[in-house]
Amino acid sequence: MFKQVSQRKKRLGSSAFPYVMTVPALILFTIFVIAPFIYGFYTSFYQWDGLSDMKYIGIKNYIYALQDETFRLSLKNTFVYAVVVTIFKNGIGLGLALLIANQIRGKAFCRTALYMPVTFSYVVVGVLWTWIYNPTFGILNGMLEWLGLDGLIQGWLSDPNIAIFSVAWVDIWKWIGFHMVLYLSALQSVPKTLYEAARIDGANKFDEFIHITIPQINSIIVLNVLLAITGAFVNNYNLVNVMTGGGPFNSTETALTYSVKTAFSYRNLGKANAMSIILFAIVFIIGFLQFKMMTKDAD
Amino acid sequence: MKKVMCLILAAVMMAAMLAGCAQNGGNDASDGGSSDGKRVLTIGGHIRMYPNEEEYWQKVADDFMAENEDVEVVIKWNGSFEDVVESLQAAKMNNETIDIYSCGARYIRNTLVQAGMCVDLTELIEPYADRWIDGALESATLGGKIWALPMGSTGTVTFYYNMAMFDELGLEIPQTFDELVEVCRVIKEEKGITPILQQGSLAGYWPMWFMETYAQSSGHQSVENVEAFLSGDYDFTGEAEIQAFEMIKQFFDEGLIDTDSLNTDADGMRAAFAQGKSAMFFGGTWEYTNVMDVIGDSFEVGVFEFPEMIEGVTPQHGSGCGQSIFVPTLCNPENYDLIMRFIEFFTRPENCGPIVLAASELLPSINGIETSGDEFITYINSHHANSLVTYLDWVWPNEINDVVASNIPAVGAGYTTAEDAVQEIQSTYDRLVEEGYVYAWWDEWTEEDWAKVEPAFIPDTYGQ
Amino acid sequence: MNENSKKKVHYKKILAAVPKWIILGFFLVITIYPVFWMVFGSLKSTSEFYLNIWGLPKTFLFENYINAWSRGQLGMKYINSILTTGLFLLIVIPVNSCAAYALARVRFRGRKLIYSFLLVGMMIPGGVLGMPTYTVALKLGLVNSIPGIALVYAGQAVSFGVFLMRAFYIGLPASLEEAAIIDGCNRFQSFLKIVVPLTLPGIMIQVVFSGLNTWNEYFLASLMLRSDEVKTLPLGIMSFVGEYSTDFPQMFAALTAATLPMIIIYLIAQKQFIAGLTAGATKG
């Protein structure tokens, strides 16, 4: 009896607890992410080169952005890129995690080795992969020739139909280690007893994966998918920039790279911010749809 | 784990302390006066790019201080070559003082002058105008005013070729397009390589081709036509423009170059050239040093001019002096005498010489700088240098440049036609105008705008 | 079971593992070889870097490291980078862990709203917002200071960190904290003593991921850190990049020197993944 009362007291006394815990994060986040974002939103209504005086032009920047053919093309490219990157980063990441999860020997080694590309600077990634893809001395075409697969030889970065996938593969290569580590840590936390129970019920490996593993690691799957999607939409600048700079013929231009170009090369900050806001709105809708769909069970 | 935490904690405490100090130390240079009563002259610019360039700048500053004991020169290099505009924007918001700024001429011409960041130097520099080689100050002139001072070497564009390979195959330097086709045919037959491999994945390099072909197809009117086009007085969809694109297409059609170039960046191009997997490339004279570094002792490299494509029309090459200094409107308005004293000191050939030559030895913009008389330089000076015109990408805005750049290989590789390409350039211009682009901004400036870029005073006497 | 069939089973097992090792082998090659390639590149001469692209250097030019170190003035920048990243982690790890814990384990009014609000941060496009971020930092007097930029980085790492940590907290059984509370701990103590150690893998993933981002961040640093005393490594690495060419051997030397600590930290953090695993094993 006494114990119960004191427990309730504790619970009441701690009604401020969650707020105290979240306030520091909220403050930091609001000041350094939301405030600049709002400022960016504000400048999207102005004509501005960043140096001279701002000139209010209403929603014209949004019209300019949507009228711009290159921007529309870049949005389309971004969708293709995002779909490819999200599927493969997660597919391969989870696949590799499952492959080495029950490994005893060499597990730490694999986990370290596969994570290496994450630590690479984009400068190194850019030189490495443009040279691997290089038509005159690159190893990819050389390897295909050696294997007798001459028919598969491509202009990996020069064919506008292929270039975006070549770039996407480098993105995938760079981040599979990261996704794998996330999946591994989630797989490790699935209680072994669940599998034992299932095995007694006669479940095979596939059943176990579908009915135990997937639901148990759902929150990490959601996280991984969201990270891949948002990464492909709002965080691909460095990679595209070092690989192709948007070419050939704008076939690898993404909405983000084009907005950065508009801001810093064309010095049209208002229009660039308008593009950012449009991109944000798209990611926002997709992100929340994905989130809602994948977390049916409330939490 | 605890140990690790302790270590991190200790490191962070140190960090906070050090950073605190740094913060105090960092700000005092920007407020114009130093503690020991000396006047402060602040020099800014992007991070130096050439070997020893930073030391040379420091030496000039030290020598200047030795001659002017009442002055302290502070040098601050910030950001990369490409970040100049953002870097100045940040400095402006932070109310930093910068008296002299050193950066690429293209950023000054295309952005900074129009944004009111540069002081009008026309009157200030008049007493010393004869220090520059002919035409140098004109290249820094917009709307009849001088905005910047070219302090570097003049670059142009040229074909580079593998001399050993040419000798082996008994080939001569081509002068016309037909001769070039013949040279390439031999190379292809004997070596089994695509003769020309270009740094074509970098879109920025393609407009150089257009500048060459357009100079010929327009009958040496390329710059004038583009200026008229940007002012709205000239349609860019005419015969000359289409022909300029089609001339480039001939290079692809005749097999002198192929789409592999679209897959190759500057480093890939140099690597392939050095390995003998290509025989020629079309590049800037500023690349010479880097190309030679890559090739080492493997073989000798020669250059020749872009070929004559139309009989009787001599080639013309894009050109300009890459590095410049200017006086930002962020300068200390009391410092004009000091600024000009420094500029006078700096533009003496013995002082700025090492800095100018660190980039390249080609046509230094200041009179009296001794070059080494290298074979390559002599050749360029006696051939290319006779027919130079301003780089078109210094005239047209970056948007137009990017459209031209992406359309050239597209026409060459057959992804689009020359007619569509010029249409796209024209429609991009129309879009820009709708978005508020003005070419002759100097005609639109108000008196208030002009007042902002006027020097606060013209010092009576400066220098010696 | 006789000897023979035992062998057969063993043989089959090995055979079944072959495709697995082919797949793993492929990925291991394309992830490990680049590390060597980068180190090799840092030891070549400029011309060898281009002529002998994929192989071992013929002579090992260790002076590239010495030259790179002095040309980029990397010593001071190295210390600054360590301080920035250390301070950043010290801010962001506790902040994110606390917020994520509350959002995952406590039911309170506004929880969903706060969570959604923080989530928005992951959807904001980077790049163009560098300038507005600088503006805000300037207004707050955080420009040209290491704690200042660490704070900005911390703010930008909140969304990811909270989201990540929450995923870890949600999987924990409620019985754990109940037991702790019965033992006389308050909510915060139970969080600190029971929950945090169990989610070390999540913390370590933040350390290696967000820490790495901070370590490598260039653009904001180039705007905010304007005097030499506060500059970080990525700014030093820019001194090897020219307008038309890059001094790759020296730059690779600098990048190797900059990447090494990240790999070491990853190796240390990796032990914690396993520690987290064994701790997790006892919970069930």
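With charges only on Cβ, +1 for K and R and -1 for D and E, what is the dipole size of chain C about its Cα centre, in debye, rounded to 20? Show your work: numbers first, answer last.
Details: 23 positive and 11 negative charges, 248 e Å.
In total the dipole reaches around 1200 debye.
Roughly to the nearest percent, how much of the accessible area of region A:44-294 is carbon and sulfur, given a 1.4 Å probe? Please report the intermediate quantities before stating the final value.
Numbers: 6290 of 9600 Å².
The C+S portion of the solvent-accessible surface of region A:44-294 is 66 percent.
Would you work out the relative contact order for chain C, in percent, from Cα pairs under 8 angstrom that are 6 or more residues apart? Let's see the in-between values first.
Details: 258 pairs, mean separation 83.3, N = 284.
Once divided by the residue count of chain C, the mean separation gives 29 percent.
Picking from C:Ala16, C:Phe40, C:Val29, whose Cα lies most toward the positive end of the charge dipole for region C:3-51 (charges on Cβ: Lys, Arg +1; Asp, Glu -1)?
C:Ala16
Mind listing the long-range amide H neighbours of B:Ile366? Cut-off is under 5 Å, sequence gap 5 or more, other chains count too, H placed in the peptide plane at 1.01 Å from N.
B:Ile133, B:Gly152
Give, as a single signed number, the net charge of other residues whose beta carbon lies under 14 Å from the beta carbon of B:Glu69, with Lys and Arg counted +1 and Asp and Glu -1.
Details: positive: B:Lys38, B:Arg39, B:Arg341; negative: B:Asp36, B:Asp62, B:Asp63, B:Glu67, B:Asp70, B:Glu72.
Counting the neighbours of B:Glu69, the net charge comes to -3.
FRET efficiency for A:Asn161 and B:Trp441, Cβ-Cβ distance as r, R0 = 51 Å, nearest 0.05?
Working: r = 41 Å, r/R0 = 0.80.
The formula returns an efficiency of 0.80 here.
What does the charge count around C:Tyr134 come to, taking other residues whose C-beta lies under 14 Å from its C-beta (Lys +1, Arg +1, Asp -1, Glu -1)? It would help to have the intermediate numbers written out before the result.
Working: positive: B:Lys92, C:Lys139, C:Arg226; negative: B:Asp83, B:Glu86, B:Glu96, C:Glu217.
Summing Lys and Arg as +1 and Asp and Glu as -1 gives -1.
Which lysines, on any chain, are close to C:Lys13 with Cα under 30 Å apart, when same-chain ones fewer than 8 places away are left out?
Filter leaves A:Lys89, A:Lys107, A:Lys192, A:Lys205, C:Lys271.
How big is the antiparallel share of DSSP beta bridges in chain B, given as a percent to the nearest 5? Walk me through the intermediate numbers first.
Details: 24 of 40 bridges.
If I count the DSSP bridges inside chain B, around 60 percent turn out antiparallel.
What are the principal axis extents of the Cα atoms in chain B, in Å, biggest first?
73, 63, 51
Between region A:47-63 and region B:421-452, what's the alpha-carbon centroid distance in Å?
14 Å
Test of understanding: extend the Cα→C-beta vector of B:Glu138 to 7 Å, then name every residue of region B:212-235 with backbone N under 14 Å from that spot.
B:223-224, by backbone N distance to the label point.
Which value, in Å², gives the accessible area per residue of region A:44-294 when a 1.4 Å probe is used on the protein heavy atoms? Could you put the intermediate results ahead of the total?
On the way: 9600 Å² over 251 residues.
Per residue, region A:44-294 has an accessible area of 38 Å².
Over region A:44-294, what is the relative contact order in whole percent, taking alpha-carbon pairs under 8 Å and six or more residues apart? Let's see the in-between values first.
Details: 295 pairs, mean separation 82.1, N = 251.
Across region A:44-294, relative contact order equals 33 percent.
Can you give the relative contact order of chain B as a percent, counting alpha carbon pairs under 8 Å and 6+ residues apart? Intermediate values should be presented prior to the final figure.
Working: 708 pairs, mean separation 117.4, N = 464.
This gives 25 percent for chain B.
Which residue, chosen from B:Ile248, B:His384, B:Ile196, occupies the Cα position most advanced towards the positive end of the dipole of chain B, where the dipole is computed from +1 (Lys, Arg) and -1 (Asp, Glu) charges on Cβ about the Cα centre?
B:Ile196
Give me the percent of DSSP beta bridges within the protein assembly as shown that run antiparallel, rounded to the nearest 5.
So the antiparallel bridges amount to about 65 percent of the total.
Could you work out the helix-only [θ] at 222 nm for chain C, with each DSSP H run of four or more residues adding -39,500 (n - 2.57) and the total divided by the number of residues, to the nearest 500 deg cm²/dmol? It would help to have the intermediate numbers written out before the result.
Numbers: 13 runs with 208 residues, N = 284.
So the calculated ellipticity at 222 nm is -24500 deg cm²/dmol.
Mind grabbing the interface size between B and C? I mean buried accessible area, both sides, 1.4 Å probe, in Å² to the nearest hundred.
3600 Å²
Run the quick spin-label model on B:Glu448 and B:Asp460: label points 7 Å from Cα toward the beta carbon, then report their separation in nm to one decimal.
About 3.6 nm, to one decimal.
Collect residues whose amide H, placed 1.01 Å from N in the peptide plane, falls under 5 Å from the amide H of B:Glu72; neighbours closer than 5 in sequence don't count.
B:Arg39, B:Val40, B:Leu41
What does the average come to when, for each residue of peptide B:199-212, you count the partner chain Cβ atoms lying within 10 Å of its Cβ? Provide the component values of the computation, followed by the final result.
On the way: counts 1, 3, 11, 4, 7, 1, 1, 1, 0, 0, 0, 0, 0, 0.
Across the residues of B:199-212, the mean count of other-chain Cβ atoms within 10 Å is 2.
Dipole magnitude of chain B about its Cα centre, charges +1 at Lys/Arg Cβ and -1 at Asp/Glu Cβ only, in debye to the nearest 20? It would help to have the intermediate numbers written out before the result.
Numbers: 22 positive and 76 negative charges, 355 e Å.
It works out to roughly 1700 debye.
Roughly how far apart, in whole Å, are the Cα centres of region C:120-174 and region A:200-250?
Region C:120-174 and region A:200-250 have Cα centres spaced 22 Å from each other.
To the nearest 0.05, how large is the calculated FRET efficiency for C:Val39 and B:Asn52 if R₀ is 45 Å and r is the Cβ-Cβ distance?
On the way: r = 27 Å, r/R0 = 0.60.
With R0 = 45 Å, the Cβ-Cβ based efficiency is 0.95.
Estimate for me the total accessible surface buried between chains B and A (protein heavy atoms, probe 1.4 Å, no ligands or nucleic acids), in Å² to the nearest 100. Write out the running numbers ahead of the final one.
Details: alone 21390 and 18310 Å², together 36850 Å².
The buried area between B and A, both sides summed, comes to about 2800 Å².
Between B:Asp297 and A:Ile59, what is the label-to-label distance in nm when each label sits 7 Å out along the Cα-to-Cβ direction?
Here the modelled spin labels are 7.1 nm apart.
What is the sum of charges around B:Val403, taking Lys and Arg as +1, Asp and Glu as -1, for the other residues whose C-beta is under 11 Å from the C-beta of B:Val403?
On the way: positive: B:Arg431; negative: A:Glu69, B:Glu399, B:Asp402, B:Glu424.
In short, -3.
Among A:Ser166, A:Ala274, A:Gly245, pick out the residue whose Cα is farthest towards the positive end of the charge dipole of region A:44-294, where Lys and Arg carry +1 and Asp and Glu carry -1 on C-beta, about the Cα centre.
A:Ala274
List the DSSP H helices in chain A whose Cα atoms stretch 27 Å or more along the helix axis and whose mean Kyte-Doolittle hydropathy is at least 1.0.
Numbers: long enough: A:69-101 (47 Å, 1.17); A:163-188 (37 Å, 1.17); A:269-294 (36 Å, 1.69).
Flagged H segments are A:69-101, A:163-188, A:269-294.
Quick check: pseudo-label points 7 Å beyond the Cα along Cα→Cβ at A:Leu149 and B:Asp253, how many nm apart are they?
Modelled inter-label distance: 3.7 nm.
Mind checking the dipole of the protein assembly as shown: about its Cα centre, +1 per Lys or Arg Cβ, -1 per Asp or Glu Cβ, Debye to the nearest 20?
Working: 67 positive and 102 negative charges, 2077 e Å.
The calculation lands at about 9980 debye.
Would you mind checking the pairs A:Lys76/A:Lys261; B:Lys38/B:Lys145; B:Lys38/C:Lys231; B:Lys76/C:Lys139; A:Lys174/C:Lys77; B:Lys59/B:Lys92 and listing those with alpha carbons more than 24 angstrom apart? Write down the numbers at each step before the final one.
Working: A:Lys76/A:Lys261 17 Å; B:Lys38/B:Lys145 33 Å; B:Lys38/C:Lys231 27 Å; B:Lys76/C:Lys139 22 Å; A:Lys174/C:Lys77 26 Å; B:Lys59/B:Lys92 27 Å.
Over 24 Å apart, Cα to Cα: B:Lys38/B:Lys145; B:Lys38/C:Lys231; A:Lys174/C:Lys77; B:Lys59/B:Lys92.
To the nearest 100 Å², how much accessible surface do chains C and A hide from each other in total, with a 1.4 Å probe?
Details: alone 17290 and 18310 Å², together 27530 Å².
What C and A bury together is about 8100 Å².
How far is the Cα center of region B:153-171 from the Cα center of region B:226-287, in Å?
Between the Cα centre of region B:153-171 and that of region B:226-287, the gap is 17 Å.
The values are calculated or read from the model by the stated rules, or taken from the named source; none is laboratory data. The structure presented is a predicted model; accordingly, all values stated were derived computationally and were not measured. Every residue, glycine among them, receives a Cβ derived from its backbone with ideal geometry; neighbour counts consider all protein chains shown. Quick note on the areas: whole protein, heavy atoms, side chains included, nothing else; ligands and nucleic acids left out. Shrake-Rupley method; radii C 1.70, N 1.55, O 1.52, S 1.80 Å.
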